[in-house]
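Below is one structure, written out as structure tokens; the observations come after it.
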Amino acid sequence: MRVIIVGAGQVGSSIAQSLASDHDVVVIDTDGERVDELTYSHDVLPIQGDGTELEVLEEAGIADADMLIASTDSDETNIVTCGVAEVLGDAFTIARVKQPQYLRAWERARGAFGVDFMVCTDLLTAKAIVAVIGLPTAHDVDMFADGLVQMTEFEIPTESPVANQTIAEADRFDSLTFAAILRDEEVLIPTGETVIQAGDDLIAIGSPESMRGFSTAVAPQSEGPSDVVIVGGGEIGFQTARLLENRGYKPRLFEHDEERARWLAENLPKTTVLHGDATDQDLLERENVGSADVLVSALDNDQKNLLSTLIAKRMGTDRTVAVVAAADFSSLFEAVGVDVAVSPREVTAEEITRFTRARRAENVAIIDGDRAEVIEVEVDAESVLVDRPIRESMADLPEGVVLGAITRGNDLITPRGDTVVQVGDHVVVFADVDALTEVTEKL
Amino acid sequence: MTDVAVDWRTSATLLGTVLKALALPLAATAAVAAWYGEAVVPFLAPLGLTLAVGVALERFDRHDLRLREAYLMVALTWLAIALVGAIPFLIAGQGVLADPVNALFESMSGVTTTGATVIDSFDAHGRSIHLWRSLLQWMGGLGILVLAVAVLSQISVGGAQLMETETQTENVTKLTPRIEETARLIGGIYAGLTGLMVLSWLGLHALGLAPNVTLYQAVAHAFTAVSTAGFSPQPASLGAFSPAIQWVTILFMFTGATNFVLLYFLLQGDPTRLKNSEEFRFYLGIVLGLTALTVTFLVGSAQFRGVEPTIRHALFQVVSIVTTTGYATVDFNVWSAGAKHMLFLGMFVGGMAGSTTCSIKTVRWLVVVKSLRRDLFTEIHPEAIRPVRLSGNVVDEETIKDIYGYVLLSVVIFALLTVFIVTDATRATEHVGEFDAMGAAASTFLNIGPAFGAAGPYGSYLHFPETTKAAMIVLMWVGRIEIIPVLVILTPAYWRS
């Protein structure tokens with residue numbers, strides 16, 4: 001597949017990196033130095049120029065391209081680039097935008113602006129943060145089948161009653177499937193006898209209600225959070241506060257730039273906006289941040305995010321969530337004490353992956369960088385699953401695969417051995433990275 | 001060619017247009033005078049004068065109205081109408097109005113919709129003169145609305161911008177794309193309300209619930225109720241009419257002090273804006289709260305027998321004072337100190353922005369209350385940034401500053417006027433008690449009308465020294481156009497380029 005990426009910033013480079021091995025990638029950027037850098041680091045064709053110009057896109061071979069991903073820092077440039085590409089060929093266009101207002105307009109009329117798919121990085125990140133906040137022990141939350149099915153990655157704390165129980169003991173919820181346990185570098189597919197250990201990352205697939213129930217079972221003492229503090233009022237911080245407001249929270253938000261703080265205060269009626277530096281310990285003490293249930297650090301600098309979450313943790317904040325721009329640092333952050341690290345790039349990459357990989361997956365969640373994936377597939381007549389009990393069809397699938405949930409219309413069906421899958425069902429499947437290719441072919 | 005600092009010619013031509021327009025009400029009153037067999041000269045003479053002066057002024061070159069000319073025009077218009085309004089009183093030469101200061105006081109009180117009167121004997125004046133008083137107030141009430149829409153919205157006085165915030169339109173003039181059209185719509189609502197009030201009074205009469213109501217009475221009172229102005233041809237004001245009439249009048253005074261833009265949306269079948277308006281809820285709350293307190297005081301002093309009269313008189317007086325109308329159903333001057341002080345407090349409230357009302361106006365108080373509450377919060381959380389919101393919309397800090405300035409200025413002028421009234425009375429070897437002086441100062445400067453003591457609802461301002469009355473004339477004018485335009489044209493910087 002020929003893919004043109006316009007904009008070689010963080011997201012653009014990241015996408016280029018993940019695609020370069022399997023596809024012909026052309027990267028366009030106005031910055032000559034960045035283009036040069038790309039030439040040395042990835043096997044891509046770099047072009048220096050403005051992606052909104054006809055000639056530049058033609059030079060990049062837009063006529064033969066299958067996909068164009070516009071991922072510069074300017075929303076307008078990305079949208080215009082897709083519009084121009086639309087004129088020059090029939091490549092599938094993806095625009096990355098920061099401002100949700102463009103997304104809202106695009107959602108009203110899909111395909112507007114010549115954009116076939118729009119990804120709003122900051123909104124996606126904020127949604128991920130808010131989903132994690134809602135489940136006190138969750139690391140990562142992804143929705144499937146229009147919200148009927150949820151994939152959640154739980155970290156099992158030492159003092160958790162679930163620790164040292166077998167899967168059979170812990171499985172008290174009807175519509176919940178334990179898909180996998182990530183223990184150290186291993187990916188375990190659990191059986192009824194598998195014992196859950198403290199420190200495990202447990203991947204569960206099921207209904208949102210059962211997730212909330214299991215979340216309470218994992219950490220009974222932690223009720224839903226009520227006092228949420230957000231540090232950093234950039235677009236991610238703003239969207240997080242906005243989504244939390246919609247859910248009835250009254251968050252507190254720290255922003256160091258006064259003008260921006262004023263703007264935030266005007267646009268977030270239920271949020272208390274504080275003008276100040278989140279690494280100012282006096283301020284944090286004065287505002288009693290230690291008593292907060294959750295602190296989200298959404299500054300535009302990874303080091304500062306790490307610092308502010310560690311300070312908060314030290315002051316007594318129950319749970320900390322940090323935004324990590326460099327996806328590689330996610331596990332490092334979690335290793336040194338940050339409860340959840342959310343990477344906008346990873347979130348965006350997941351979103352874009354659905355289209356860049358030629359498979360029938362409706363929806364994808366990438367687990368822990370790239371160790372495994374949860375995918376949603378609409379079952380057709382070719383699938384090995386069709387018209388037979390799961391017990392039988394599982395034999396034809398490789399190891400490291402778990403059928404997490406089935407949806408039929410608007411109903412959620414928890415898969416059991418004798419469940420028969422029909423054409424048109426959506427299945428949500430966990431798959432180890434090694435089994436991925438085979439699974440997608442057979443489903 | 002350099003720009004002149006103030007293009008007074010433009011203001012003059014606009015003033016000419018306004019003066020010319022005065023011919024119509026003068027002609028109408030002359031016709032009424034003729035109908036009742038009263039002298040028509042008092043109205044026809046100023047009619048000729050305004051036409052002549054108006055046409056003459058219109059001959060100046062007119063350019064676009066800039067901010068400076070707008071200030072001048074606003075200030076001059078009200079002054080000029082007051083001067084013209086006094087002419088019929090002088091020419092008619094009846095009773096105390098034959099005196100120039102008294103005539104001008106009555107006229108200024110009329111056009112500013114104050115409702116303070118110097119008349120001591122109501123029978124001394126013809127019906128046409130009484131009607132002219134009412135008509136002056138009706139024009140004054142409409143004038144301020146049109147002015148607010150067309151001109152004041154472009155002048156920073158805090159109120160008009162707030163009206164925009166409150167009505168959730170970026171700009172009041174955006175009711176329709178054209179200012180003229182908006183002014184006409186608002187004028188239509190105003191005239192419609194007046195007509196409705198005439199009909200409801202006559203309707204009550206037809207039902208036998210209002211024995212002494214005539215078409216004349218209905219029209220004269222409709223002119224001064226909807227404009228929240230308060231002149232009445234009856235010495236006993238609304239006390240001369242039945243309880244049913246008093247209840248209906250409460251409703252019209254209350255409506256007259258409600259934001260006309262919200263009324264417009266209500267008429268469009270959209271009651272949500274009125275319901276969601278924080279200012280409206282605040283205004284309603286103040287009226288009900290003050291009434292409840294007044295009722296408590298009245299019950300405590302056993303002023304009235306029965307529940308209905310107590311509530312009716314308390315509500316009537318509170319609505320009349322809060323909306324700056326100034327009608328009375330009883331002589332509240334003889335009420336207990338507690339009840340009287342409730343009314344005194346009510347004088348500083350005023351109705352909603354964008355209505356015919358005067359005084360400080362509820363929206364300003366609401367912003368003051370909210371910003372004080374914000375200040376208390378930021379006292380504990382110094383880094384918190386908390387915008388003041390009105391019905392969900394952010395009020396910008398400049399507007400809040402304007403409002404504080406306005407409230408402070410109002411209080412200062414009120415205090416100075418009080419001192420002036422007391423000392424001037426002493427100089428003229430008369431005695432005016434301090435509370436009465438405060439009442440009279442608030443009542444004239446805030447354009448309410450009746451006060452306490454000799455200037456109470458059934459008394460008059462006649463006994464004040466000429467100098468005090470002159471000062472009141474000026475301050476009624478200043479108060480009506482929201483102080484700032486007058487202060488602005490008095491600054492030297494205004495006249496420099």
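The values are calculated or read from the model by the stated rules, or taken from the named source; none is laboratory data. Here the structure is a predicted model, which is why all the values come from computation and not from measurement. Note: ideal-geometry Cβ built from the backbone for every residue, glycine included; neighbour counts use all protein chains shown. Remember, those area values only see protein heavy atoms, side chains included, never the ligands or the DNA or RNA. Shrake-Rupley method; radii C 1.70, N 1.55, O 1.52, S 1.80 Å.
Within the range A:275-289, whose backbone N sits under 16 Å from a point 7 Å along Cα→Cβ of residue B:397?
Hits in the range A:275-289 for residue B:397 at 16 Å: A:275-276.
Starting from the Cα-Cα distance between residue B:83 and residue B:215, subtract it from 0.36 nm times their residue separation and give me the gain in nm to one decimal.
44.6 nm
Considering the dipole of the protein assembly as shown built from charges on the beta carbon (Lys and Arg +1, Asp and Glu -1) around the Cα centre, which of A:331, B:354, A:271 is farthest to its positive end?
Value: B:354.
Which pairs, out of B:20/B:401; A:250/B:370; A:250/B:401, put more than 31 Å between their alpha-carbon atoms?
B:20/B:401
How big is the B/A interface in buried accessible area, both sides summed, 1.4 Å probe, to the nearest 100 Å²?
Answer for the B-A pair: about 1100 Å² buried.
Give the carbon-plus-sulfur fraction of the accessible surface of the range A:82-143 in %, rounded to a whole number; probe 1.4 Å, heavy atoms of protein chains only.
Roughly 50 percent of what the probe reaches on the range A:82-143 is carbon or sulfur.
Which whole-number percentage describes the relative contact order of chain A, with Cα contacts under 8 Å and a sequence gap of 6 or more?
11 percent
How would A:106, B:35 line up by accessible area, probe 1.4 Å, largest first?
B:35, A:106
First measure r as the distance between the Cβ atoms of residue A:300 and residue A:54, then evaluate 1/(1 + (r/R0)^6) with R0 = 45 Å and state the FRET efficiency to the nearest 0.05.
0.85
Which residue, chosen from A:45, B:102, A:249, occupies the Cα position most advanced towards the positive end of the dipole of the protein assembly as shown, where the dipole is computed from +1 (Lys, Arg) and -1 (Asp, Glu) charges on Cβ about the Cα centre?
Farthest towards the positive pole: B:102.
Taking beta carbons within 10 Å but only from partner chains, what does the mean come to for residues A:261-274?
Going residue by residue through A:261-274 and averaging, the value is 4.
May I ask you to compute the full-extension gain from residue B:474 to residue B:377, defined as 0.36 nm times their residue separation minus their alpha-carbon distance, rounded to one decimal in nm?
Stretched fully, the residue B:474-residue B:377 segment lengthens by 30.8 nm.
Go through B:271-282, B:105-116 and give me the packing order, highest mean Cβ count within 10 Å leading.
Top to bottom by mean Cβ count within 10 Å: B:105-116, B:271-282.
How would B:323, B:491 rank on accessible area, largest to smallest, probe 1.4 Å?
B:491, B:323
Only helical DSSP H runs with n ≥ 4 go in: add -39500 (n - 2.57) per run for the protein assembly as shown, normalise by residue count and round the 222 nm mean residue ellipticity to 500 deg cm²/dmol.
So the calculated ellipticity at 222 nm is -16000 deg cm²/dmol.
Could you work out what % of the accessible surface of the range A:231-356 is carbon and sulfur, using a 1.4 angstrom probe and leaving DNA, RNA and ligands out of the count?
45 percent
Remind me, relative contact order of chain B in percent, using alpha carbon pairs under 8 angstrom and six or more residues apart?
About 18 percent, as a whole number.
Using 7 Å Cα-to-Cβ label points, what is the residue B:67/residue B:419 separation (nm, one decimal)?
Calculated label separation equals 3.2 nm.
Arranged from highest to lowest average of other beta-carbon atoms within 10 Å per residue, in what order do the peptides B:473-484, A:396-407, A:39-50, B:438-449 appear?
For the peptides B:473-484, A:396-407, A:39-50, B:438-449, the packing ranking is B:438-449, B:473-484, A:396-407, A:39-50.
What is the set of long-range amide H partners of residue A:140 at a cut-off below 5 Å, with H atoms built 1.01 Å from backbone N?
A:153
Modelled label-to-label distance, residue A:216 and residue A:246, 7 Å Cα→beta-carbon offset: nm?
2.5 nm
Label points 7 Å out from Cα along the Cβ direction at residue B:281 and residue A:105: separation in nm?
Placing both labels 7 Å along Cα→Cβ, they lie 3.4 nm apart.
On a full-extension model of 0.36 nm per residue, what is the gain between residue B:180 and residue B:36, subtracting their alpha-carbon distance, rounded to one decimal in nm?
48.2 nm
Computing the accessible area with a 1.4 Å probe over protein heavy atoms, can you report the carbon and sulfur percentage for the range B:301-361?
Solvent-exposed carbon and sulfur of the range B:301-361 make up 64 percent of the total.
Which trypsin sites (Lys or Arg not before Pro) from the range A:379-417 combine a DSSP loop assignment with at most 14 other Cβ atoms within 10 Å?
Taking the range A:379-417 and a limit of 14 other Cβ atoms within 10 Å, the loop trypsin sites (Lys or Arg not before Pro) found are A:416.
Label point 7 Å out from residue A:21 along Cα-to-Cβ: which residues of the range A:416-443 have amide N under 12 Å?
Zone members listed by number: A:434.
For peptide B:384-392, how many partner chain Cβ atoms fall within 10 Å of a residue's Cβ, on average?
Shielding by partners across B:384-392 averages 5.
When the dipole is taken about the Cα centre of chain B, and only Lys, Arg (+1) and Asp, Glu (-1) are charged at their Cβ, what size is it in debye, to the nearest 20?
Here chain B has a charge dipole of around 520 debye.
Accessible area per residue of the protein assembly as shown at 1.4 Å probe, in Å²?
Ligands and nucleic acids excluded, the figure is 40 Å² per residue.
Place a +1 charge on the Cβ of each Lys and Arg in chain A and a -1 charge on the Cβ of each Asp and Glu, then give the dipole magnitude about the Cα centre in debye, rounded to the nearest 20.
Magnitude of the dipole: close to 1480 debye.
If I require 27 Å or longer along the helix axis, counting alpha carbons, and a Kyte-Doolittle average no lower than 0.0, what helices from chain B are left? Use full DSSP H segments.
Span-like helices in chain B: B:67-92, B:127-150, B:179-206, B:278-300, B:362-380, B:397-427.
Can you give the relative contact order of the range A:1-80 as a percent, counting alpha carbon pairs under 8 Å and 6+ residues apart?
39 percent
Using a simple charge model, +1 on the beta-carbon of Lys and Arg, -1 on the beta-carbon of Asp and Glu, nothing else, what dipole does the protein assembly as shown show about its Cα centre, in debye to the nearest 20?
7700 debye
Roughly how many Å is it from the Cα centre of the range A:195-271 to that of the range B:247-273, as a whole number?
43 Å
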